[in-house]
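Participant: Right, I'll just put the structure down here and ask away after.
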Ligand code: UDP
């Protein structure tokens, strides 16, 4: 009789919130399908993540799941973001790579169910995993956590450098970028990914992404947290680099479908910070679509001046707001705590400040009428699913590309990039939530319906997930 193998998939995300969350969502979906799953975090994030999960309930729900961890090579007190991100890029290659190899060796020697995986799903910027996987003859599928528009742009970094478009001086930011096929009428200089703003073409961070982008094409397929109906032209173009592409997003919404049927045991929320749930109660007391939600994600830093410009703009616009101000939003400013307390005191009448919100739930709350966001791809997708129009204030990475798509491709909000000014904040909030509210609500509702349809039975993302599942099964037989 032919023996049937339970596929064992190992996930390796880059150690940052916006990468862990979508990959963990997929890991839980595959575990729900009966796969053995090993999810590998950095030691630093492992502790933070498990702190926010009811682990016995989680393992009850996903008995074939295990978390493992490897070092990221940085000391526990290293900030790991903002200007310090480069350290993480270097140390993951230098320290995590040999540690990852050791982990695979230990799995090879395992006697239980978690033996050597039949497939590795590695972050598209952790391509050392492909080198190591090849040593063990394990196929790798790469997971890029950015939008397809942005991934396609990254595939043109070398060309942008060759043609002298990148790096660019801090002038003529409106200049159209004409050398990226399909995006000729979309991107201007200022819309290129944040890394294009470095001063030199040989900047180590820029070069890191050039190399990782080229290396990830050695994987046997590409997973994207997006859906065909929103990014089909870019997904199709990416087909010139990969044999197989799996657009299976929005993954948070796809995963919430398996949650609906769950009983007492729960899945994770993938958060590294503890959610402050009291804001949901506060939202319950607010009128429909009256509150602006404000969050700048997990990575970017703001200056004290920028925080004050936003705060004055929010107060002057006359709308209620819920604002996430992470305690580490200003790095190395010992007096930030005092500023925070002052803002909290003076905001009381009009808004609520929290340090980390249950964002997916917040965006789905009927009281939310707009989102002032940094345009991280997860936040953008969560807003699209919830049908909430956006004001975008991007700063780094894929955010500049995403915000351009929000305003000019999908037309579901404003792009406020490169401007941080209280009068602009005030003006755009009024436009979004009052003057042009019906127009933005209509386009956001339409896109939300497409997103939700894609994850229904027979929807494009659902079909692509099934293809991924079948392809992984065929790797395991
Ligand atoms: N997030 C959250 N609560 C917050 C702020 C952010 O749960 O208060 C989540 C958000 O839902 C998203 C992720 O953190 O899933 C941030 O990812 P994104 O790609 O938007 O931005 P990044 O943090 O990577 O810049």
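Participant: Tell me, please, whether a residue that is out of contact with any strand residue (DSSP E or B) (no Cβ under 6 Å at 6 or more places or on another chain), near the ligand (Cβ under 9 Å from one of its atoms) and over 22 Å from residue 182 (Cα atoms) can be found in segment 398-410.
Facilitator: Checking segment 398-410: not a single residue is out of contact with any strand residue (DSSP E or B) (no Cβ under 6 Å at 6 or more places or on another chain), near the ligand (Cβ under 9 Å from one of its atoms) and over 22 Å from residue 182 (Cα atoms).
Participant: I'd like the residue in segment 382-397 that is more than 8 Å from the ligand (Cβ to nearest atom) and part of a helix (DSSP H, G or I) and, out of all such residues, is farthest from the chain's Cα centre (by Cα).
Facilitator: It comes out as 386.
Participant: Further question on the same structure: Given the criterion within 14 Å of residue 451 (Cβ to Cβ) and without any contact (Cβ under 8 Å) to a residue 40 or more places away in the chain, identify the matching residue among 329, 364.
Facilitator: 364
Participant: Report, by residue number, each residue of segment 128-165 that is surrounded by fewer than 23 Cβ atoms within 10 Å (Cβ to Cβ), under 25 Å from the mean Cα position of the chain (by Cα) and part of a loop (DSSP other than H, G, I, E, B).
Facilitator: Of everything in segment 128-165, those that are surrounded by fewer than 23 Cβ atoms within 10 Å (Cβ to Cβ), under 25 Å from the mean Cα position of the chain (by Cα) and part of a loop (DSSP other than H, G, I, E, B) turn out to be 139, 155, 156.
Participant: Please give the number of the condition residue 276 fails out of (1) surrounded by fewer than 16 Cβ atoms within 10 Å (Cβ to Cβ); (2) at pLDDT below 90; (3) within 25 Å of the chain's Cα centre (by Cα).
Facilitator: With (1) surrounded by fewer than 16 Cβ atoms within 10 Å (Cβ to Cβ); (2) at pLDDT below 90; (3) within 25 Å of the chain's Cα centre (by Cα) applied to residue 276, the lone miss is (2).
Participant: Is it the case that residue 459 is touching a helix residue (DSSP H, G or I) at 6+ places or on another chain (Cβ under 7 Å) and within 16 Å of the ligand (Cβ to nearest atom)?
Facilitator: no
Participant: Then there is this: I'd like to check which helices (runs of 4 or more DSSP H) are fully inside segment 201-264 and have at least 2 residues that are at pLDDT below 95 and touching a helix residue (DSSP H, G or I) at 6+ places or on another chain (Cβ under 9 Å).
Facilitator: Values: elements: 204-215, 228-238, 251-260.
Helices (runs of 4 or more DSSP H) meeting the threshold: 204-215, 251-260.
Participant: Still on this structure, I have one more. Filter segment 369-381 down to the residues that are more than 17 Å from residue 23 (Cβ to Cβ) and assigned to a loop (DSSP other than H, G, I, E, B), then identify the one that is farthest from the ligand (Cβ to nearest atom).
Facilitator: Here the residue is 375.
The values are calculated or read from the model by the stated rules, or taken from the named source; none is laboratory data. Remember, predicted model here, so these are calculated numbers, not experimental data. Note that each Cβ is placed from the backbone with ideal geometry, even for glycine, and that neighbours are counted across all protein chains shown.
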